[in-house]
C-alpha cells in the first residue's frame, strides 16, 4: 500500500471530492482539497506533500501553471496537471514548469494511479541525480587538480576554481567559450599556440585518453608548465558527449626532477667513489696481509718447534690478527656487494657433509686453543643441495666463528640432518654466553652489537647479518634459539636435491674452484713462473718456492711471454690484477698458443674476488687463489699440478 501524501488542487468541489476518494481507495493520504493557487502554495509550504495534482484552470487569482511553477521552484514537489482542456497554448505554458504528468479529464483510476507512481519514481531519481551532481560539483570545486569540461562541440561547460586560478578565467567568463580559448597550449620549442589534441580528436568523433606535458599560456600572458590529462565523455548512446581535461602546475615537479637528477648524479658518484674506495682498500690491505700471513706461516713451518714460547705466542698473535683482519675485510666487501646487488650467485651441486666438514676443520685449531670440545655428527647421508658454494661456506663459517668466539668453556656441536619438508639442515649448538630474548630480533641487523656481549670488543656485528643474506640467497632459512649463559642453537636449512635431479646445467669453468688434493704426494721438481707487479710479493714467492723448484720472476705480460718463449715452464702463477687487464690477456695468450697451452695456470688476486675469479676462468685459468692464501693452500695446488704432469707423462709413455 502507498502512503504518500497527495495534495488535490481543484476548484470544482464535487470533482475534488471524487478524486480524493479515488486516491484514498488506492492507499494514498489525501488531506482536504484546496480550490485556488494561493491555497495550494500555502499548503505546499506548510505540509510539504509528496505530490500535487493541480487543475490548470483555477478560477480564483493564480492559475494552476503559476502555482505549479512556484511550488516546483521553492519546494521541489512534483506536479501532475489535471485539465479538461488540451489547447496548444496551455500545454506550452505547462511545459515550462516541467510537470511530471499531464492527465486529461475524465480519467480512469488506473490511469491516475499509474501517472502518480511514475511521477513519484521519476522525482526520486531526479532528486538523487541532483544530489549527486551537487556533491560532484562540490568535490570538483574543492579539488586541487584543475578541471575543465566541454560539450561535444568543444564549448566549455564547467571550470573549477583550480582551473580558474591557473588559466586566469573565472567560471562565469569561461562558460560558453571554446576550450582552445580558455586552455591555450604552446609548443615547447617554437612557443606557438597549438590546438589541444583532445579538441582535434573530438572533432573527428574518436575516443581519446591521453596525458602530456605542455606549457599553458595563461590569460595574463604568463607561461606555466603543466601536466594535463584529457579524455572523452560517453553519452547515453555511446557517442562522444564532450571532454574532460584535468591539469596541474608542473613547475615544482620539474624543479624536483632537476633536483632529483642532481641528487642521482651525486648518489652515483658517491657509489662510484665507494666502489673505488672498497676496491683500493681491498687491494691495499690484501697485498700486505698476504705477505704477513705467508711469512708468518713460513716461519711457523720452519721454526715453529724451535721458537721460544714467548715468541711463539707473538707469532700466534700475528697470525690471529691477520686472520681477523682478513675476515673483517671479506665481510665488508661482501656486505657492500650485497647492498648494490652485485653479488653473483653461481649455484652448483654441493655435498653438505663435505662442506660442513671443511668449515669445521677451519676452526678446529682455534677451538683447541680455547680447550673447547668440537663434535661433528654428519647424518645427511651425503645429502646434496643446489646453491652457491661461497655463500653457503661463508654462512656456515660465520656461525662457527661466533660459536668459537663466544664460547669460553664446554663444547660446540655441529651436525647435519633433515628437518620438515625433507630439507637438509646444519645444526650448530654451543655452551657459550648466549643471547637475551630482547636482543634476538636485532641479531640479523647490520652492525648490531650488544655491550654486555662485546666487552672484549670482538667482531663488528656483520657475521649473522651476512649469514642471513647468504642463506636467503640460496633459498634457505635460519632460526636461532638462545638463552643467556645457556648457549645458542642455530639451524640453517636448505632445499634438498633428490638423487637423479638435474642441477640446472653443467658447471662452467668460471664456476670451478680449486679442489683440495688430500693425497700427500712427493713434490717433484717443478719449473714455475711468477708474474706479479709487487716486488715484495715476488720475493716471498721466490723464498717460499725456491728451495723445492725453479722459480722465474716477471712483473709484466711482455717479460712473462719472453721467458715462456725461451724456457720450459710447468706452471705460471699470474696476478690477474696487472695493469690494463694484462693478467687475463696473458692467460689467453698462453692457452691459445699450441706450444704453451699445456702449461698449468694459477690465477690469484687481491681485488674483487668473484669478478676476478670469473675473468680468470673465462680466460682459461686452471686454478684460482685469492690473497692472502696460506702456504698449505699454495703447496696443495702445486702438488695437484705435479700430479697432473705425472699423469700426463705416464699416459704418453
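The values are calculated or read from the model by the stated rules, or taken from the named source; none is laboratory data. All figures in this text were calculated on a predicted structure; none of them were measured in a lab. Positions of Cβ are generated from backbone atoms using ideal geometry, with glycine treated the same way; all protein chains shown enter the neighbour counts.
For every residue, the table says whether it meets (1) touching a helix residue (DSSP H, G or I) at 6+ places or on another chain (Cβ under 7 Å); (2) surrounded by 15 or more Cβ atoms within 10 Å (Cβ to Cβ); (3) in the same structural domain as residue 74 (by TED's automatic domain parsing).
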site: 12; (1), (2), (3): no, yes, yes
site: 21; (1), (2), (3): no, no, yes
site: 31; (1), (2), (3): yes, no, yes
site: 40; (1), (2), (3): yes, yes, yes
site: 48; (1), (2), (3): yes, no, yes
| query | Say we look at segment 616-635 and pick out the residues that are crowded, with 22+ Cβ neighbours inside 10 Å and assigned to a helix (DSSP H, G or I); which of these is modelled with the lowest pLDDT? | reply | 616
| Conditions: (1) within 25 Å of residue 299 (Cα to Cα); (2) in a helix (DSSP H, G or I); (3) modelled with pLDDT of 65 or more. Residue 542 meets all but one. Number of the miss? | (3)
| message | Could you list, ordered by first residue, the pairs with Cβ atoms under 8 Å in which the first is in segment 141-156 and within 12 Å of residue 247 (Cβ to Cβ) and the second is outside any strand (DSSP E or B) and modelled with pLDDT under 85, at least 6 apart or interchain? | response | 147/140
| message | Given the criteria under 60 Å from the mean Cα position of the chain (by Cα) and assigned to a loop (DSSP other than H, G, I, E, B), does residue 98 qualify? | response | yes
| query | Which one of 316, 289, 278, 307 is under 38 Å from the mean Cα position of the chain (by Cα) and either at pLDDT 70 or above or outside the structural domain of residue 390 (by TED's automatic domain parsing) (or both)? | reply | 278
